[in-house]
Amino acid sequence: MVVGAIASDYQKTRVEMKCTELGILMFAPLWRKDQGMLLNEIVMRSIDAILVSVSAEGLTEDHLGMHLDRDGVERIMELSRKYGMNPSGEGGASTRASSCRSQVPGG
């Protein structure tokens with residue numbers, strides 16, 4: 001099972017336990033990657049990522065629907081520094097819905 005966990009030990013541990021129960025392997029390619037780098041990669045790959053939940057200190061309803069383009073990523077990183085929120089959205093900070101063209105070779 002491929003998992004998008006980046007920094008949440010709780011999230012990764014829960015999925016690992018369930019995978020072990022089911023006898024399947026878990027793969028977490030984003031685990032412990034630099035979150036600023038991952039957000040910049042969203043921009044570089046033209047992924048249309050949008051804030052759909054704002055539950056961290058520093059985020060308000062005004063941020064709902066914000067696209068994570070270059071300016072959006074800069075705003076998120078500034079808020080992360082100011083309020084200490086997780087920039088990738090783990091731990092209840094925010095949720096992002098993404099759509100993009102296939103990023104696999106030949107896709």
Q: Kindly indicate the residue of the range 54-73 that is in a loop (DSSP other than H, G, I, E, B) and surrounded by 13 or more Cβ atoms within 10 Å (Cβ to Cβ) and also modelled with the lowest pLDDT among those meeting that condition.
A: Ala56
Q) Can you tell me which residue in the range 1-51 is farthest from the chain's Cα centre (by Cα), limited to those that are part of a strand (DSSP E or B) and under 23 Å from Leu68 (Cβ atoms)? A) Val2
Q: Kindly list, by first and then second residue, each pair from a residue in the range 29-43 that is without any contact (Cβ under 8 Å) to a residue 24 or more places away in the chain to a residue that is among the polar types (S, T, N, Q), limited to pairs with Cβ atoms under 8 Å and residues at least 6 apart or on different chains.
A: none
Q: Taking the options Ile76, Ile42, name whichever one is β-branched (Val, Ile, Thr), surrounded by 11 or more Cβ atoms within 10 Å (Cβ to Cβ) and either in contact with a strand residue (DSSP E or B) (Cβ under 6 Å, 6 or more places away or on another chain) or closer than 14 Å to Val3 by Cβ (or both).
A: Ile42
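The values are calculated or read from the model by the stated rules, or taken from the named source; none is laboratory data. Values in this document were obtained by computation on a predicted structure and should not be read as measured data. With ideal geometry, Cβ positions are generated from the backbone for all residues, glycine too; neighbour counts draw on all protein chains shown.
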